[in-house]
Each structure stands twice: as C-alpha cells, then as structure tokens.
Amino acid sequence: MSEPYQQYINGEWVDSSGDTFTSRSPATGDTLGTFQRGTETEVDRAVAAAETAFEEWRSLSRITRAEYLWDIYHELRDRHEELGEIVTRECGKELSEGKADVTEAWHMVEWAAGDARHPEGDVVPSEIPEKDAYMRRKPRGVTACITPWNFPVAIPFWQMAVTLVEGNTVVWKPAEQTPLCGQVIAEMFDDAGVPDGVFNLVQGHGDAGAALVDDDRVRTVLFTGSAEVGHQIAAETAADSGKRAACEMGGKNAVVITDEADLDIAVHAAVMSSFKTTGQRCVSSERLVVHTDVYEEFKDRFVEVADRVAVGDPLDEDTFMGPLIEADHVEKVTSYNDLARTEGVDVLVDRAELPDEEIPRRPRGRPLGRAVCLRGRPRRTAAVHPRGGVRSPRRSARVRG
C-alpha cells in the first residue's frame, strides 16, 4: 500500500480527517512509515460499522467465526522472520524478542480458534425438580481494543482473537509508537476476508482511544497500558452499568531471593526480568528482595552479569538490550539515575552512558546503559530496573538504567 497509510473501516481502506504522524525506529531514527491520524470522526465511523456487523457476526457458529482466524494463524507462522524484524525495527526490543512476539501471537490465535471446537456452558441443579437452570455465553457487542507498543503483535491478538471467536466485533486502536505493526495486522484481516465491519482499525493517539472509551455503543473496553490511563478507563466504564472494562496495567514487581534459592537460576531470572525489553514490560522486576544469608553472593554475581549486559543495535543477534522507545523515556530514566546520586544511593554499576562504538546511531530514543543501585541495609533490599526510580529503604530500592 502507498503512504500515508489509511484507516481500515467497514472492510475498506479509508482516509481520515486528521493530520499525519510518523513511525521511526527508536534505534536509528529511520522513518518506517507515515500514517493518517484517526480522529473522533473515524472512531464514530468504525464503531458504527462494528455495531452494524454485530448481529450477523454473532449469528454464525463459533466454528465458522474461527475459520477466518486460521488464515491469519498460518500467515503469522509463514512470515515469522519478516514480522519479527518489523517488530524489532519499530519498538526496539532485540530480534529474538521481536520473533517471540510473533510466535506468541500465533499461539494465541491457535488457542482461540481451536477452542471454538469446545462448546462451553453449564447446567446447574435447581432446588425445584420441575425446573432446569443453565448458563449460556453470549457475545456482548462492539469491543474496543487499545493496545501498547511493547508487544505490538502479541497483545493485540490476546485481546482480539478470543473476542472475535466469541461473536463480538472489534475496533482496534494500536499504540501510536508502533503503527506499522498495526498496519500489517490489519492487512492480514483484510486478506483473510473477515466480513465488513467485524474488524476495524483506527490509527491515532490518545484522543482516539478516549473517543472509543466514551462511545455508548462500545460495550466492552480491553486495555493494556499505563496504570494512569487504565484507572481512568475503569472509572469511566464503571459509570455505565452496561459497559465492562478489562485493564492490564504496569505493576511494582519484586523478585524475592530466599536463602534456599538456586543462585544460578535466581541471577539469570533477575537479569532477564530487569533488562529484557529494556525493562519496558508490565511484568519487569523493579525491585530485588534478597535474604541476608545469600545477599553478598547474589549481589556480587548479579552485578557481574549486569555490568556485561550487551546494549546495542536490536537487529544484532549479540545484543541483549535495545533502546528505550522514545526520548521522553530516556529523560525519565536519566532523572531517576540523577535522583539516586542526589539521595546518596550506593551505585554498584554505572553504565548509563555508553561509548559510541557500543551503540547504534540514534537521533531519537537513544539506548541507555545499565545502573545498579543499593539503598538501605542489606537485609532490606538490593534492586535494579532499567526504567524506575529509587524509593525509600523501607519501601525498597529500584533503579532504571
């Protein structure tokens, strides 16, 4: 397709009334594509199309609905290498993670489509012999799917595959940082011949997502992203007794190392949790809580590995940690590292600034190295994280670097 890329509404590629925005590689700054920005007008059109398509879509059997997804499943598998590289170029996580993102997507489609062959429901014994009580699952209607940039292929299918098999229709707004991944997925739905209006794509920013949440015709909102936005969505949908929301948000995750832990496993798991996806996962560890009996050995081994974490071009197979997604993230991380020093934290590894030969060119969202900090007595915590700040000793320490 030619640029700027359009919206996908009611089975057609259509122009939007907004301006355009650009996707750039966070590792190199290279332009990956120009996209039309969806507005409330496009959201209204997409929701209307999904609402119109709902009755016919729900009338099909789960098996028939699932048949459309099998074509997408095979395309995800057949294009594994290509799509993995697109993920890596656009969101910056290293190549094996980009490929794993695609693998997870086809696993989800396979599970959802396969589950269509397993009807679900319950017959419940009644206290009245002449009556039967049963539970039957029914689709709810138009579903808004709002997904993040850090798993730009996997998470959309977490949300959309089951939603569609169960007979709902979808309006999807992918993250504005990864619109190319959204474009590729929409093309898959188009190629699969999914009926008009069942799947709709609106590319855009937060205002498009807000318009989706606010629309009275949307019966369910599925959201993965920040806690701040998730809480707003939950509060807004709670005011409508007929609307439901499922919000998956970031957490304050801790890895707890007990005195009986296998330290080979513990160090490996802590490094993977702290630095993979450059710490930009909702399940990334932000604190390491270590038992005093193993504290010194764990600290020494963890610091040794953290100091050797390879930061670089995410397309290089030797890279362990790629760039942060955008400049705002770099500024935030830098501010936390500065705060750690201001508060007198014991910095065990300071590799936040890396020499040019160790990293790719990066006019935007440049890679940042590692920092490991310790605050408080050993019996309390040692913590590391590539995207956090330092807390008081009683709450634990966490560092991003």
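Readers should treat all values here as calculations from the given coordinates under stated rules, not as data from a laboratory. Computed from a predicted structure; not experimentally measured. Neighbour counts run over all protein chains shown; Cβ positions are idealised from the backbone, glycine included.
Positive-end ranking of MET188, ALA245, GLY33 along the dipole of region 7-249, with charges on Cβ about the Cα centre, is headed by ALA245. I'd like the orientation of helix 95-115 relative to the chain: the angle between its Cα long axis and the longest Cα principal axis, in ° from 0 to 90, rounded to 10. With rounding to tens, the tilt is 30 degrees. Peptides 51-62, 25-36 ranked from most to least packed give 25-36, 51-62, packing being the mean of other C-beta atoms within 10 angstrom over each peptide's residues.
The label point for THR258 and the one for HIS231, both projected 7 Å from the Cα toward the Cβ, are 3.3 nm apart.
P(r) tail, region 103-234: Cα-Cα pairs separated by more than 24 Å, 35% of all pairs. When each of CYS145, CYS91, CYS247 is scored by the number of other beta-carbon atoms lying within 10 Å, the sequence from fewest to most is CYS247, CYS145, CYS91. Over the chain, DSSP H runs of length four or greater, each weighted -39,500 (n - 2.57), average out per residue to a 222 nm ellipticity of -13000 deg cm²/dmol.
Each residue of region 153-164 is assigned a 3J(HN,Hα), and the resulting list reads 10, 5, 5, x, 7, 3, 7, 7, 4, 5, 3, 6 Hz, derived from the Karplus form 6.51 cos²θ - 1.76 cosθ + 1.60 (θ = phi - 60°), x at Gly and Pro.
Applying 1/(1 + (r/R0)^6) with r as the Cβ-Cβ distance of MET135 and TRP111 and R0 = 35 angstrom yields a FRET efficiency of 0.95. Across region 182-190, rounded Karplus estimates of 3J(HN,Hα) from the backbone phi angles (6.51 cos²θ - 1.76 cosθ + 1.60, θ = phi - 60°) give x, 4, 4, 5, 4, 4, 5, 4, 5 Hz, Gly and Pro being marked x.
Taking Cα atoms, how many degrees apart are the long axis of helix 62-78 and the longest axis of the chain, rounded to 10 and kept between 0 and 90? Result, in degrees: 40.
Taking a ≥ b ≥ c as the square roots of the eigenvalues of the Cα gyration tensor, an a/c ratio of 1.5 or more together with a/b no larger than b/c marks region 1-117 as oblate.
Among the GluC sites (Glu not before Pro) in region 228-280, those located in a DSSP loop and surrounded by at most 10 other Cβ atoms within 10 Å of their own Cβ are GLU260.
What relative contact order, as a whole-number percentage, does the chain give when Cα pairs under 8 Å and 6 or more residues apart are counted? Contact order relative to length: 17 percent. Of the trypsin sites (Lys or Arg not before Pro) found in region 101-193, those in coil by DSSP whose Cβ has at most 10 other Cβ atoms within 10 Å are ARG117, LYS131.
With the simple model of a label 7 Å out from the Cα in the direction of the Cβ, THR31 to HIS80 spans 3.4 nm. A crude spin-label estimate for the pair VAL283 and ASP207, with each label 7 Å from Cα along the Cβ direction, gives 3.6 nm. Applying 1/(1 + (r/R0)^6) with r as the Cβ-Cβ distance of THR334 and VAL123 and R0 = 56 angstrom yields a FRET efficiency of 0.40. The rule of thumb for compact globular proteins, 2.2 N^0.38 Å, goes into the C-alpha radius of gyration of region 7-249 1.03 times. Which entries in the list LYS243/LYS276; LYS173/LYS243; LYS138/LYS276 go over 28 Å, if you measure between the two C-alpha atoms of each? Pairs exceeding 28 Å: LYS243/LYS276; LYS138/LYS276. Against the compact-protein benchmark of 2.2 N^0.38 Å, the Cα-based radius of gyration of region 108-181 scales to 1.54. A full extension of the chain between GLU187 and ALA238 corresponds to an added length of 15.0 nm, given 0.36 nm per residue minus the alpha carbon distance. Of the peptides 262-268, 272-278, the ranking by mean beta-carbon count within 10 Å, highest at the top, reads 272-278, 262-268.
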